[in-house]
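Trainee: Mind looking over this structure? Questions follow.
What follows draws every value from the coordinates through simple rules; no lab data is involved. Note that this is a predicted model, so its numbers are computed, not measured. Virtual Cβ from ideal backbone geometry, glycine too; neighbours counted across all protein chains shown.
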């Protein structure tokens, strides 16, 4: 394979893992925009989604697509309850209290998953596993392609949802001005819980897309740290920014693994994150706003 | 510039994006006077304060304090020069006690070094005693003794407003910027505030610039009044002159009056 | 709360606010000094570990609890302190220089991360420090020529004036001494303008600035000071573990450190100590009761982290003031008995203050 093709291959692989970062970041940003909470357990919700899907598809032997759908539903329900039972109680507490709360939840999720499923890594086979597609001489794994396609489809669906449906517009309203939305008769609390449900559902999609490429284990949620880089790169307030940021982080990570000495790949996302925060804290797609006094 | 002018601005202007929040504002404040800025909401009054305390950078114009150009001075140096301010929506330190809040107001007079503070050398202890003496004077002046050790978070709104005034006084200012001192206060508290502003001017000899909506308070304490609308000066003069100005009436009531 | 009647300005700046406190803390100190004489090596070692975490807790408390700057990367400072200590000792530098040096080096590292993150606050700072922590962790792993990589680094026993300070007892007394020093330092900071500037920055940056506080300068000082104290803890940690491994200084350690200040109670030095007690005693108490639990629960490998997470969650939901807040409530209850009123500590309803700048 010549250099150009190898490079292209790397870019596609990077974009695929970047899509996963982007989808987790999507969850952060969606929750942050609406409720000003930052969910440090987003990666661990993804981990739960992966295990749920594993149960449906591998343990109960359901069809891949049915299991996929059920996993999304169950994880979304979990997100809804998480907000309704736990997070609603800490509204109004300092932002950092919520950070600590979600960090604590992440510990519980990891231990819970270890107890309910296993502490070992488990593999996850899909209809796409070990198959390749040949695009004009470029050989790509189907699982990577499925990540790219899945992300695109999901983004399209969510775009239509937020711009076209009543509920989606109500969510936008609630995240822009809670009080005004409340006065307009929008049930803000339930909307917030639904937003948690959606981001948990998105995490489940990310989980099922990611599972065939990496293994499922209780610590896969630490991927969330890389998703922060994606969210920050996108400006932490922009949902398309988060997804694009994720793709950029993924590609840069792959390329640095290829061009730089070993060891750098592990910290690439962190370096990108720090660099963005220091040089351009508003991200690539955000804008700065100052506090008014 | 005559010697009795403490502070003046010339052709002050700032834009936020395409909006001209303040444009072509010039005025001067004499030593020992109370100068009020009035105007409808969004007229740019607080913006002028933020420009004076250097939180915002002006797009045009210069600021002079005691004949010295402060347009480029960093915001944390302003207090040390002798300009103190209060905030419209109270920006106290809620998780500190009242006394600590006042002592933070003494910060610009603190000259002890970092390492002597770490070891709490006798020089630091002496300076601390002096700060506490000054803070107690302000507490006595404003009658805040009984709240001295309360957390700000536990104090009622009216008291906080006075604490903010006290914190500004602790910096020993020459020029005091009061941003809506009466907002959120009831009638009696507003009257009390009027007496304090008068005392600050007469007893302490501090020059005051005040942004205020309550015309009763403005008429009671102001020497001169400036009316703003859409970031431009409408009128300047005594309180009654400005209140009678047809432009000002039109700005407040609207229409073709 | 007891408020002593104030007759002198000196009263406010005394080291001991209440005269009786001197005797209680004196007794506590005597008891702590006597413990190694009567107790087994295991408990002495555990207590030494507690002291080390308390030192780091005080360091982080100055930054997070008093200056309001969140750091999820303090494991990096602990690591830098520990490795500096080990590397310098290996090069033959005497102990009375290596320990201050590890504080100094870590302090500079703190300034180095403090300056670029000056403009950040809250969430962004948390994420930035989290990244910084993972970068330092990776460097400790990969910079094999200096840190020994995955094999780690043995720590030489320290000698002070010809006395070998080895074993749990040596570490115990060293850590106790350093902890006392650090508490003294923190109390000095808190009763001088420096500490008030920290509090001012925590509560309102904009008005701190208009009171003449140079935000950049004081945030940097806070970072440097906090890092230096954590570096001291790191230096002692090196002697505590005796063999440094890079994976000890990971994100989980950072989270543990933040949990110390959070569960202990933000904004109080007592809180840092209480938090360290919680953090070190929890695994011990779980180990003690593990055998008595039903088999499926007692054998559960994730028992410790899940209880840890559960306590953290419950604490934030029901006692946001942490252990120290609960302690003050209990004290007030007995002091006012039987006039106790529950409303004395009811939190004021605060409207959700947006921390998002719009």
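Trainee: Pairs of Cα atoms under 8 Å, at least six residues apart: use those to get the relative contact order of the range C:30-344, whole percent.
Mentor: The value is 32 percent.
Trainee: Moving to a separate point now. Using the count of nearby Cβ atoms within 10 Å as a rough guide to exposure, how do C:33, B:170, A:155, B:108 rank from fewest to most?
Mentor: Ascending Cβ contact count within 10 Å gives the list C:33, A:155, B:108, B:170.
Trainee: How many Cβ atoms of partner chains, on average, are near each residue of B:82-94 if near means within 10 Å of its Cβ?
Mentor: Mean number of neighbouring Cβ atoms from other chains: 4.
Trainee: Okay, moving on. Counting partner chain Cβ atoms within 10 Å of every residue's Cβ in C:134-146, what's the average?
Mentor: Mean inter-chain Cβ contacts per residue within 10 Å come to 3.
Trainee: Residue A:280 to residue A:86: extension gain in nm, 0.36 nm per residue of separation minus the Cα-Cα distance?
Mentor: So the extension gain works out to 66.4 nm.
Trainee: Just want to confirm a number: the relative contact order over the range A:3-279, from Cα pairs under 8 angstrom separated by 6+ residues, in percent.
Mentor: 39 percent
Trainee: Give me C:13, A:248 sorted ascending by neighbouring Cβ count inside 10 Å, so fewest comes first.
Mentor: With the fewest neighbours first, C:13, A:248 line up as C:13, A:248.
Trainee: Let me ask something else. Report the full-extension gain for the segment residue C:8 to residue C:335: residue separation times 0.36 nm, less the Cα-Cα distance, to one decimal in nm.
Mentor: 115.2 nm
Trainee: While we're on this one: Which residue fluctuates the most in chain C, going by a Gaussian network model with Cα springs under 10 Å, if the choices are C:290, C:280, C:191?
Mentor: C:290
Trainee: Would you mind classifying the range B:132-209 by shape? Square roots of the alpha carbon gyration tensor eigenvalues, ordered a ≥ b ≥ c; an a/c under 1.5 is rounded, otherwise it is prolate if a/b is larger than b/c and oblate if not.
Mentor: Cα axes put the range B:132-209 in the oblate bin.
Trainee: For chain B, modelled as a GNM with alpha-carbon contacts under 10 angstrom, which of B:164, B:23, B:241 fluctuates the most?
Mentor: Answer for the Gaussian network model of chain B: B:241.
Trainee: Please identify, among B:235, B:125, B:43, the residue showing maximal mean-square fluctuation in a Gaussian network model of chain B using a 10 angstrom Cα cutoff.
Mentor: Highest fluctuation among the options: B:125.
Trainee: For the residue pair residue A:139 and residue C:32, what label-to-label distance in nm results when each label sits 7 Å from Cα along the Cα-to-beta-carbon direction?
Mentor: Result for the modelled spin labels: 6.6 nm.
Trainee: Hey, another quick one. Compute the FRET efficiency between residue A:121 and residue A:64 as 1/(1 + (r/R0)^6), taking r as their Cβ-Cβ distance and R0 = 25 Å, and round to the nearest 0.05.
Mentor: That pair, residue A:121 with residue A:64, gives E of 0.80.
Trainee: Additional query: Can you put C:98, A:268 in order of Cβ neighbours within 10 angstrom, beginning with the fewest?
Mentor: Ascending Cβ contact count within 10 Å gives the list A:268, C:98.
Trainee: Using Cα pairs under 8 angstrom and six or more residues apart, how large is the relative contact order of the range B:19-172, in percent?
Mentor: Here the relative contact order equals 26 percent.
Trainee: Just for the protein assembly as shown, what percent of DSSP beta bridges are antiparallel, to the closest 5?
Mentor: 65 percent
Trainee: Separate question: Give the residues of the range B:23-42 whose amide nitrogen is closer than 18 Å to a point set 7 Å from the Cα of residue B:5 in the direction of its Cβ.
Mentor: Backbone N within reach: B:24-36.
Trainee: Tilt of helix A:142-164 relative to the longest C-alpha principal axis of chain A, in degrees (0 to 90, nearest 10)?
Mentor: With both axes taken from Cα atoms, the answer is about 20 degrees.
Trainee: If each Cα of the range B:103-239 is one equal point scatterer, what is log10 of I(q)/I(0) from the Debye formula at q = 0.09, 0.18 Å⁻¹?
Mentor: With no solvent term, the Cα-only Debye profile gives -0.35, -1.06.
Trainee: Next question, about the same structure. Express in nm, to one decimal, how much length is gained between residue B:149 and residue B:247 on full extension, taking 0.36 nm for each residue of separation and deducting their alpha carbon distance.
Mentor: 30.4 nm
Trainee: Also, quick follow-up: Cut-off 18 Å, label point 7 angstrom out along Cα-to-Cβ of residue C:145: give me the residues of the range C:90-106 whose amide nitrogen falls inside.
Mentor: Residues C:91 qualify, since their backbone N sits under 18 Å from the label point.
Trainee: Right, something else. Cα gyration tensor of the range C:216-289, axes a ≥ b ≥ c as square roots of the eigenvalues: rounded (a/c below 1.5), prolate (a/b > b/c) or oblate?
Mentor: Taking the square roots of the gyration eigenvalues as a ≥ b ≥ c, the range C:216-289 is oblate.
Trainee: Moving on to the next point. Set the Förster distance to 60 Å, then compute FRET efficiency between residue C:15 and residue A:258 from the Cβ-Cβ distance, nearest 0.05.
Mentor: After rounding, the FRET efficiency stands at 0.50.
Trainee: Which of the peptides A:269-276, C:224-231, A:49-56, B:109-116 is most tightly packed, and how do the rest follow, judged by the mean count of other Cβ atoms within 10 Å per residue?
Mentor: C:224-231, A:49-56, A:269-276, B:109-116
Trainee: Report, to two decimal places, the Cα Rg of chain B normalised by 2.2 N^0.38 Å (N = number of residues).
Mentor: 1.05
Trainee: Label point 7 Å out from residue C:282 along Cα-to-Cβ: which residues of the range C:117-154 have amide N under 18 Å?
Mentor: Of the residues in the range C:117-154, none has backbone N under 18 Å from the label point off residue C:282.
Trainee: By how many degrees, 0 to 90 and rounded to 10, does the Cα axis of helix A:224-233 deviate from the longest principal axis of chain A?
Mentor: 70 degrees
Trainee: Starting from the eigenvalues of the Cα gyration tensor, five times each then square-rooted, give me the equivalent ellipsoid semi-axes of the protein assembly as shown, largest first, whole Å.
Mentor: The equivalent ellipsoid of the protein assembly as shown has semi-axes of 49, 38, 26 Å.
Trainee: Now, a different point. Any chance you could give the angle, 0 to 90 degrees and rounded to 10, that helix A:166-176 forms with the longest Cα principal axis of chain A?
Mentor: 70 degrees
Trainee: Could you state the number of Å between the C-alpha centres of the range B:218-247 and the range B:1-50?
Mentor: Each part's Cα centre sits 13 Å from the other's.
Trainee: Put a dot 7 Å past each Cα toward the Cβ at residue C:97 and residue C:314; how far apart are the dots in nm?
Mentor: Using points 7 Å along Cα→Cβ, the separation is 5.1 nm.
Trainee: Assuming a ≥ b ≥ c are the square roots of the Cα gyration tensor eigenvalues, decide whether chain C counts as rounded (a/c under 1.5), prolate (otherwise, with a/b larger than b/c) or oblate.
Mentor: Because its axes are fairly even, with a/c under 1.5, chain C counts as rounded.
Trainee: If I model a spin label as a point 7 Å beyond the Cα along the Cα-Cβ vector, how far apart are those points for residue C:177 and residue A:183 in nm?
Mentor: Taking the simple label geometry, residue C:177 and residue A:183 are separated by 6.6 nm.
Trainee: To continue, here is another question. Given a Förster distance of 51 Å, report the FRET efficiency between residue B:157 and residue A:7 from their Cβ-Cβ distance, rounded to the nearest 0.05.
Mentor: 0.20
Trainee: Any chance you could list P(r) for the range A:101-251, counting all Cα-Cα pairs in 5 angstrom bins from zero, rounded to whole %?
Mentor: Binned Cα distances yield the sequence 2, 8, 12, 17, 18, 16, 13, 7, 4, 2, 1, 0.
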